[in-house]
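Single-structure report; data block below.
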Amino acid sequence: MALVSPCLDLTRDLYLPDLPKHTTHLFSNGRRLLLLPNLVILMQGSIVSKRLTYDEELITASYVTFAKSGNNPEVEALVVCLKHSAYIYYPQGASHIVSFPFTVKAAFTFGTGLILEREIDGKLLTPTAGVYEPRFFTLVDPLGELCVVTSSSTSVLSSHESVIYFPARGLNKTRYLCATYNSRSRSINVYYVKASIRHKAVNGGQSIKKRKNFSISSPTAVRILEDDLYDAVDSSMSPVTVSMNMEKKRTSTLLSGISSIARMGSESTIPELKVPPVKGSLELGNLRKNMIWTKVGLFQNKSKRLHLCVSGLHYEGKEALVISNRLTQETKVYIYKQLSGNIPTYECSYQTKCLHAYPLDHLDLPGWLVLLNTDSLLQLIHPVLEIESPPIPFAGKLPSMSMIASSYQSTLAIRSNTENRKTYLLNLVLEPSNTVVSLCLKAWQYLSGSKINEQVKVIWRAAYMRDELKDEWNAYVVTILSLIYPFEEQQESISVHNEITELLDSARVIHDQFHINYSFYDLLPFIVVSLHLIYEEVKLNSLNSSFTNKLGTLLTQLVVWMGWLEQWTNYYMIDQEYIDRHVRLLLIVLVHQPPDLFRYLTSLFSRNVEPYLQFSQLVEESEEINRVITPTTHIVCTLFEILLTSRMESEAIIKAMREFKITPSFLETLPAGLSLPLKNYLLYCQNNPQLQWATTALELAGRRDLTALLQPDSSYCDIPQENKMISSTVGRDARSLLGSVASGTDSFLPWDGQSEADRIQITKLIFDKDRRYYEITSLLHQTRTQTATIALDEDTNEYNLTILRRTIAALVGVRTVTIPLGRAALFYSGRMPFLTEKFPIPKFNLNTLISPSMTTIVLQEDSINAKVMEWGHFHNGVSSGLSISPHSKGITGSWVNFNKPKENNAQHAGFLLGLGLNGHLKKLEEWHIYNYLGPKHPLTSVGLLIGMAASLRASKDNKLTKVLSVHAVALLPQGANDLNVPLIVQAAGLIGIGLLYLETQHRRMSEILLLQVGEQCAHAESFEEQESYRLAAGIGLGLINLGKGNDLKGLSGTNVVDLLLSYAISIRDSHSNYDMDKSGSGSILALGFIYLRTENRAIASKLAIPESEPLLDYVRPDLLLLRCLAQNLIMWDSIKGTREWIESQIPNVMRQKYKISKIRVLDSDQISYFYVLAGACLSLAIKFASSQNHQARDALLYYLDICINLSGTYAENYDQKIALGSLNQLENILGISVAVVMAGSGDLDVFRRLRVLHGRIDELVDFGSHMAYSMALGQLFLGGGQYGFAKNNFAIAALVISLYPVYPNEGSDHEVHLQALRHFWALSVELRCLVVRDVEDGSPVKVPVKISYRGGSCKQVYSPCLLPCLDEIAFIEVNSPEYFNVKIDFSVNSEYLERFKSSLVVYVLEKRNYETLKVSMTALLENSKQSLMQDPKKEGRHSENTKSILESKVAHSLSLFDKGVYVHANDCEMQDLEMHAINSGLSIYNIFNSKIELDAMSTRPKRAEEIADLSLLFAYTDHLLSLDLFYLDASFIERLKRNVRQLIHLQAAA
């Protein structure tokens, strides 16, 4: 029987289209390209994935990995090269068209680009210079320029030369040669290629500027048909053309005149891209040169180019050029020697007869050449090593073949000699699939030379084909025997038959037919020792037990034949009766004692460490060889050495395990003695992780809760995107869905109900002990009918009663329209809208139910002041806009315009402001802005201008600056026409300028705003409008220079501080109607913002409240409040949260005269006192905003309680009425102040008082008071208890603006403070709620959390909870007994800490290990004194399967406690957990499995390795001494030791 090489026909398994005369190219991952003259077919396995049809001739197509450029990463792209253009397709869908300024004659791909040969027309020689223009170019960047290929000074590229071969990959690494064909001399020229390794990545815009003026022809439009799946392709398929979607196409052209048009093609939707031809001369000489060719050889060949096939191969520093002549049927291989840094030199040649030759493109088997000897015979040869493999005949199986089309790895594509030139796929069996056999063969690479190594592989393939069972191991044994057995000397037959000796006959056949003139006797001891080390490696994998016996049998027979010592012959525990005992190969013993890995590892825990021979020591190579041949041995030895020298809390082991990429499944394959010490360490790490560990290390320790926050797709909004916990998402069939739609019962939300439900779930966990959250949602519910109670006198008639009811209903209606101010804070950032639906805005329900008569009064909107109603709709829109989370994606100008009503109204104006405050108005186009501002609706202008400025704050956006300038007359140039812009819009424009230039100290804008603070506004119709405009200018000026008071270099020479002080504290006997008194509020706030938290005592002292009563009479009371506030904003650190500090802010003259607790009668002299007190309380609230400081809260509640009592005082005269009005203002400020201090906490003491204030229906409680109370209620439950106020300068300023202490009155037509600014608190909020989620399903859980502060104090709370400022926290620890502890140390910088600060989410993992139930189960069993299995009360709590398992013999080794834990685990339905929780190797079930396995090993060992395994485990546990065992308990280890001692005693007795 002749020897043959193995080969499989894949044509039947992999579908190939029956295309006439096509060319097949093979690539990685089963990809194939089928090329026809104008068609490219992409195939993946047997599936046609895409067809590309073109109108011009195809040159080549292949996959190329371009360098990273633009938005395209460094990924493999498909390149289709045509005569005038190239089409590049990226796997993500992007594509490029590169148009060439010449006609391409030939193209070749290399690793990172494309070689292009230009078609010559005989006119390339310039008459003046006498030189040739470039003909060869490279394309290394689809968006960059072409580069020129040039020759060295010693070489000349003839005009008759054309490229015939260029290396497809490995350029400048393993391959350096290319070849050209000279059509005149019919010779082949060999060139050494030196390419630049730096490819300049050019971005789109830059590459356009660098392009030269080229002349090109019109590129043909591509036409593409993409099919999801093709099951079949007709042999007569006609190209169906469909225009390509140009949104995914980028066009790159080398023509400067039309480059901009080509670039615009990436954004357009035109069906095709036509580039007009431009005539002119070519100017290619200025292109960058990135490749130099140097001629190193010339070979004469009289054949035509058509008959030649040139390719290349390389092997160990040698590169060869393969020239296959199909006319003469000869193949010549010219071998060059590569010298580092030098030009290759010709060494020798190799010649053979064949029809065709093609290199085997195999990454692990370089240097092989596939020959088509005849039309039905293939053969592998190695020209460099001069090795020939047995042939591969396929006569009778396949038709006659003409050539080899392509190869990749072990797959060949060969073309038939039939008329249609059909392609067939063959798979060469070149390497074993079995890991053990592969290791045994791979060891030869380091034991012998290259030629012997390759020869052994050839022999193995021949032996594999001779084996009837196609057993790879038997083939390897035959290979070994054919090489080392002395067939000539040992002619007699062997009487002993075993699995080795039975293969001698096959080995003799192989030995006779392979003429190997090399003696392996000196090498045989090394071969045996290397096989022994592989045997030790195989023992470490419990899945390879069958190969352990096979290797042991082979080694035993070999060492017996070699006459080695009994230590070797008995080591493998093979029955000697089945071993041939004759010494046939007497050789020296390399190692006296066979290396024993288990003995070595066991000795590590003793004083006398035994040596262990590593494979790298055997072959005298570096330790990296151990990673290749004995990887598990290398890993285990390294880990145990670290385990011995490191403490349990050391990070060295987990880092080493991460570097070795160890997984839980890998640990399960190790013997128990090896895996349990590692699992014990991992269990310790599971309970004591470090957040700075890498993600892989945390996953290895079974802490998925710590890695969940580090995932790239983890969300930082209110709900993780992976959570799917809402019952409404349960799958429903089509019938139920259609039925619900038809009946109209199906409720559809225009926002993401899952995110809102998760938000509500967290809020309910926060307020789970009472009904306060239900109460606040009822109070701030504007769509339900409001209730009111009337206390009736007995003599009230029906008419008066009706009038009273309508009056009460009107007062309740005023309160109703203020509810959105509170609802905005309560439901802040709670919804994610669907972009396909309009976002609904709830309506007002102005109906009132009057009790006790239970009469419903239906109130119309015209019953309420029109201005109040308009602002109510505005606030309602803001409330809806603020409910949209800032994390919502996809909110663009188109979606905003989609929600626009037919006519602008106040409600949509507020909606715009709410969107802007949450940052959603950044992407408005010019036409969107024009559509809103064109109708000149004042409130729409206000909402849009401030909203856009808030979204683009501090950006100095030029487009928005122009828009704001049009709406603020002060910003228009001198002499500009008066645009008659309403003053309210102008004020909004000034505020917008302040936001847009926030903290930039912009000089020009500061000068304009400073001028407006002190100048009279011509459009102001009243004092209030004048002051409102100047206040807006002061706020804008303060925002631009926020906190920069001590560094106003940008405003030098403007005297900004002096002017503001003159406006703020000027005292005059009389004032004109438009005097500086109206500039006081704006200038005071501007100074407070400019010097915010600067501790500038000079400015603060000038703003201080006068100490004498005459001076106090010169200052308006409300300005006293602002001066007190501004002074404290500057002296920030001096603010204390006590009543004493509040009292200290009141001047002595007032303090001696008034004390609020002793006031019984109101008079106008107390007004200044009330306002100064209000300023001090507001300052305290700003400082302690959302701090939940109980001392500050109690101080404010003290004054609030007094004001509530005083507000019931009856005012008899005008003097008392104006004093009562000031008292109401103080009450409003106190109510909102105490809510700000306790923001987000829902504090009951504050809530009770605010509920009383909210429920007051009285003519004295005006629109402004209801605004304050609604805002206070909402901010007390800010964001559902999950948000708080930030502490940065802008947050403080925004909060001050929203709490400006002057509230409007519905009786006035004008207001000082723009109501739109009441929502500026949204610019100061931040997420402050710590949410602990179960990593299994993402649901929030309530667990104890310990918060430690930097000052040393700590607080125990339950999550979810509000956190203080993160800068004050030292560490946070989640210490629930049901979950693994998570401790976040804020002093240790880590990625986890940064992610936590962004999301305030902590994921926890429920404990699954054996220690979880130890205490509870032990106590339970001690009390019951019986097994849970015997308790009749527990009978229904576990299945019969569980009972049968625990009562079987397998579980007899489990203790009563073990069985109880198992039952408890099943009762808790732990068997329903996700598989990764159980497969982590650290669960209860893994521990039970380990116990049962170890008990069986100690009582009924099957192999000697099991006893060695137990010895290693005992040595490790003894080494730990007093340290705890985390994975197994010490009592179980002692029981194992007793079992082993008993076993030894029984064997000794036997």
Karplus-derived 3J(HN,Hα), 6.51/-1.76/1.60, for each residue of region 1342-1350, Hz, glycine and proline x: 9, 9, x, 10, 9, 10, 10, 9, 5
A student applying the Cα gyration tensor rule (rounded when a/c is under 1.5; otherwise prolate if a/b is larger than b/c, oblate if not) would label region 1271-1323 oblate
Whole angstrom only: what separates the Cα centroid of region 755-798 from the Cα centroid of region 1267-1300? 21
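Would you mind getting the accessible area per residue of region 1080-1192, heavy atoms of the protein chains only, 1.4 Å probe, in Å²? Provide the component values of the computation, followed by the final result.
On the way: 4140 Å² over 113 residues.
Each residue of region 1080-1192 exposes 37 Å² on average to a 1.4 Å probe.
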Taking a crude spin-label model, label points 7 Å out from Cα along the C-beta direction, the Arg421 to Leu363 distance in nm is 3.1
Using the Karplus curve 6.51 cos²θ - 1.76 cosθ + 1.60 with θ = phi - 60°, work out ³J(HN,Hα) for each residue of region 1372-1389 in order, rounded to whole Hz, and write x for Gly and Pro. 10, 10, 9, 10, 8, x, 8, 10, 5, 5, 10, 10, 9, 8, 6, 8, 10, 6
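Out of the chymotrypsin sites (Phe, Trp or Tyr not before Pro) in region 321-391, which ones are loop residues according to DSSP with at most 16 other C-beta atoms within 10 Å? If you can, show how the numbers build up before the last one.
Details: sites: Tyr334, Tyr336, Tyr346, Tyr350, Trp368; in loops: Trp368.
Taking region 321-391 and a limit of 16 other Cβ atoms within 10 Å, no loop chymotrypsin sites (Phe, Trp or Tyr not before Pro) are found.
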Under-5 Å amide H pairs with Thr855, H placed in peptide plane, nonlocal only: Ile850
Quick one: length gained pulling Lys764 to Lys1049 fully straight, 0.36 nm per residue minus the C-alpha distance? 97.4 nm
With a 27 Å threshold on alpha-carbon distance, the violating pairs from Lys1136/Lys1287; Lys68/Lys422; Lys68/Lys289; Lys1102/Lys1136 are Lys68/Lys422
Non-local amide H neighbours of Tyr336 (under 5 Å, H modeled in plane, Pro and chain starts lacking H): which ones? Glu319, Ala320, Leu321, Glu347
Amide H neighbours of Ser1241 at under 5 Å, excluding residues fewer than 5 places away on the same chain, with H built from the backbone geometry, are Leu1278
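Calculate, for region 392-521, the solvent-accessible area per residue in square angstrom, rolling a 1.4 angstrom probe over the heavy atoms of the protein chains.
Numbers: 5520 Å² over 130 residues.
On a per-residue basis, 42 Å².
Could you please report the charge total around Asp1518, scoring K, R as +1 and D, E as -1 over all other residues with beta-carbon less than 13 angstrom from its beta-carbon? Walk me through the numbers before you get to the answer.
On the way: positive: Arg607, Lys1537; negative: Glu1534.
Net charge around Asp1518: +1.
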With a 1.4 Å probe and all protein chains kept in place, how much accessible area does Tyr90 have, in Å² rounded to the nearest 10? 10
Using each residue's phi in region 871-884, evaluate 6.51 cos²θ - 1.76 cosθ + 1.60 at θ = phi - 60° and report the 3J(HN,Hα) Karplus result to the nearest Hz, with x for Gly and Pro. 5, x, 5, 4, 5, 5, x, 4, 4, 5, x, 6, 6, 7
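DSSP loop (so not H, G, I, E, B), at most 12 other Cβ within 10 Å: list which GluC sites (Glu not before Pro) in region 636-682 pass both filters. Walk me through the numbers on the way to the answer.
Numbers: sites: Glu641, Glu649, Glu651, Glu659, Glu668; in loops: Glu649, Glu651.
In loop regions of region 636-682 (DSSP not H, G, I, E or B), the sparsely surrounded GluC sites (Glu not before Pro) are Glu649.
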Can you flag which of Lys194/Lys318; Lys173/Lys457; Lys451/Lys550 are past 19 Å Cα-Cα? Lys173/Lys457; Lys451/Lys550
Charge context of Gly994, other residues only, Cβ under 15 angstrom, K/R +1, D/E -1: +3
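What number, in percent, do you get for the relative contact order of region 444-505 if the mean sequence gap of Cα pairs under 8 Å and at least 6 apart is divided by its residue count?
Details: 31 pairs, mean separation 15.1, N = 62.
This gives 24 percent for region 444-505.
Net charge around Asn1375, counting only other residues with Cβ within less than 9 Å of its Cβ (Lys, Arg = +1; Asp, Glu = -1)? Intermediate values should be presented prior to the final figure.
On the way: positive: Lys1346, Lys1383; negative: Glu1373.
So the environment of Asn1375 carries a net charge of +1.
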What shape does region 595-641 take by its C-alpha gyration tensor, where a ≥ b ≥ c are the square roots of the eigenvalues and a/c under 1.5 counts as rounded, a/b above b/c as prolate, and the rest as oblate? prolate
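Take Glu489, Glu431, Glu388 and sort them by solvent-accessible surface of the protein heavy atoms, 1.4 Å probe, largest at the top.
Values: Glu489 125, Glu431 80, Glu388 105 Å².
Accessible-area ranking of Glu489, Glu431, Glu388, largest first: Glu489, Glu388, Glu431.
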Just to confirm the filter: which trypsin sites (Lys or Arg not before Pro) across region 1111-1168 are DSSP coil and have at most 10 other Cβ within 10 angstrom of their Cβ? Arg1160
So what's the gap between the Cα centers of region 894-962 and region 1156-1214, to the nearest angstrom? 39
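The values are calculated or read from the model by the stated rules, or taken from the named source; none is laboratory data. Model, not experiment: these values are computed from the prediction. Heads up, the Cβs are rebuilt from the backbone with ideal geometry, glycines too, and the neighbour counts pull from every protein chain shown. Side chains included, ligands, DNA and RNA excluded: accessible areas come from the protein's heavy atoms. Shrake-Rupley method; radii C 1.70, N 1.55, O 1.52, S 1.80 Å.
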